[in-house]
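This report refers to the structure that appears directly beneath it.
The values are calculated or read from the model by the stated rules, or taken from the named source; none is laboratory data. The shown structure was predicted, so the numbers you read here are calculated from the model rather than taken from an experiment. Cβ coordinates were reconstructed from backbone atoms using ideal geometry, including for glycine residues, and neighbour counts include every protein chain displayed. To get the accessible areas, we keep the full protein, side chains included, count just its heavy atoms, and leave off ligands, DNA and RNA. Shrake-Rupley method; radii C 1.70, N 1.55, O 1.52, S 1.80 Å.
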Amino acid sequence: MLVENNIPLQNYNTFGIVARAHRLVRLRDEADVRSLLADAALRDAPKFVLGGGSNIVLTGDVKPIVLKVEIPGRRLVAETDRAWIVEAGAGENWHEVVAWTIANGFPGLENLALIPGTVGASPVQNIGAYGVELQDRFDSLDAIDLETGRSFTLDAAQCAFGYRDSVFKHAAPQAGESPRGLGLKDRAVITRVRFRLPKPWKPVLGYIELERRRQEEGIAQPTAQQIFDWVCDIRRAKLPDPKVVGNAGSFFKNPTVTPEQCADIIARDPKIVHYPMPDGSIKLAAGWLIDACGWKGKSVGNAGVYEKQALVLVNRGVARTETSATGGEVMTLARAIVTSVYERFGIRLEPEPVVV
Ligand code: EPU
């Protein structure tokens, strides 16, 4: 385990925001986590777990010790009549693992292709796209408690997955607060994740753009590799590549409203994009709401709203340099969007990335 001081973070966040970590520790295996916790000077200091940095906004230098998870590994753990169980180290690049599973004959993650970030971050926000969420393909994960040093394994129920949500996004209840589940935010470091990829494999083509693509190509029964390629094409066409334009994917969650609230909005804005959910609520497309308020292409300083998808905020400066957008500019823009959507639709958008 090596502790590095005063480390630039601009290459470690996909917005490309310029900031520094006062101290950074790279975790390459479980033993590194144990060494960290055995070190009296580090054990009790506040810590911030960093994966691929694709879901964070840095608003200044990071004072807690940054734990940069770099644990490698990919393997088939088990194969039964009903599933392949595949394990990956938390530091692996998500997209590379998805590509590896498909190339090795373990399909099931293809709809989640090209999502930036690491394997360890995937359960934290229950990543999802094109009709599949991580929780639909999740088996279990290994983690280490940063307070006690204990290793533990969580199954899907224990992760308390929700839409872009899990136990890792909630702080442990403070004294006097009523407990709301376990709360593992900044308390645990995920070391390995196992995926359950059901057999026989079935394509998930419910998402309109995938179905359209299937029809255009005239393919009745696409392979996992074809769906993987289509998802990559669709994402490349409408989401900015963080290597070229700094961004953190969707900046807000899609809000849910009651059918009555939705009917009220439709009466004023008949074109609103909405989807009924299994629990009777209605999910609204936040991108549409933001777009309807005229935000596409607008900026605050060097932070802007992406022209092709209003749900994505982008760095209009040169990412990773002194002319980059600052975290403050990104958050000022985000707050202005929240206010304007609230004033027009009465809906308060919630940011998706973690603000550090
Ligand atoms: N729309 C507009 N204007 C916009 C953006 C969107 O009118 O500027 C409309 C679109 O026309 C479409 C609807 O809103 O009818 C939904 O847009 P899209 O299909 O792009 O999906 P989304 O709801 O905006 C969600 C996820 C994405 C994921 C896609 C595909 C969230 C917060 N975002 O976006 O996830 O890739 O669905 O499944 O749930 C991410 O989390 O970083 C991410 C990219």
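Tabulated values for the structure
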quantity	calculated
Residue within the range 122-140 that is without any contact (Cβ under 8 Å) to a residue 12 or more places away in the chain and closer than 28 Å to Leu239 by Cα present	yes
Options Asp233, Asp229: the member that is part of a helix (DSSP H, G or I) and either open to solvent by less than 30 Å² (accessible area, probe 1.4 Å) or under 26 Å from Ile85 (Cβ atoms) (or both)	Asp229
Single residue of the range 109-131 satisfying the filter (under 10 Å from the mean Cα position of the chain (by Cα) and hydroxyl-bearing (Ser, Thr, Tyr)) that is surrounded by the fewest Cβ atoms within 10 Å (Cβ to Cβ)	Thr118
Considering residues of the range 269-280 that are part of a loop (DSSP other than H, G, I, E, B) and under 12 Å from Phe345 (Cβ atoms) only, the residue farthest from the ligand (Cβ to nearest atom)	Asp269
Residue in the range 239-256 that is more than 9 Å from the ligand (Cβ to nearest atom), in a helix (DSSP H, G or I) and surrounded by 13 or more Cβ atoms within 10 Å (Cβ to Cβ) present	no
Among the candidates Ile102, Ile115, residue that is in contact (Cβ under 8 Å) with a residue 40 or more places away in the chain, within 16 Å of the ligand (Cβ to nearest atom) and of a type outside the set (Lys, Arg)	Ile115
Residues located in the range 37-59, provided they are open to solvent by less than 30 Å² (accessible area, probe 1.4 Å), in contact (Cβ under 8 Å) with a residue 60 or more places away in the chain and away from the ligand (no atom under 16 Å from the Cβ)	Leu37, Lys47, Phe48, Leu58
Of all residues making up the range 67-108, the number that are open to solvent by 20 Å² or more (accessible area, probe 1.4 Å), under 24 Å from Thr14 (Cα atoms) and small (Gly, Ala, Ser)	3
Within the range 281-292, considering residues that are more than 13 Å from Ile265 (Cβ to Cβ) and surrounded by fewer than 20 Cβ atoms within 10 Å (Cβ to Cβ), the one farthest from the ligand (Cβ to nearest atom)	Ser281
Residue pairs meeting the criteria (Cβ under 6 Å; at least 6 apart or on separate chains; first on the phi > 0 side of the Ramachandran plot, in the range 297-320; second modelled with pLDDT of 95 or more and not aromatic (Phe, Trp, Tyr))	Gly297/Glu307; Gly301/Glu329; Arg320/Gln10; Arg320/Gly16
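Okay, residues lined up against (1) modelled with pLDDT under 95; (2) touching a strand residue (DSSP E or B) at 6+ places or on another chain (Cβ under 8 Å); (3) aliphatic (A, V, I, L, M):
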{"position": "Ala248", "(1), (2), (3)": "no, yes, yes"}
{"position": "Phe252", "(1), (2), (3)": "no, yes, no"}
{"position": "Thr258", "(1), (2), (3)": "no, yes, no"}
{"position": "Asn315", "(1), (2), (3)": "no, yes, no"}
{"position": "Met331", "(1), (2), (3)": "no, yes, yes"}
{"position": "Ala336", "(1), (2), (3)": "no, yes, yes"}
{"position": "Val341", "(1), (2), (3)": "no, no, yes"}
{"position": "Val355", "(1), (2), (3)": "no, yes, yes"}
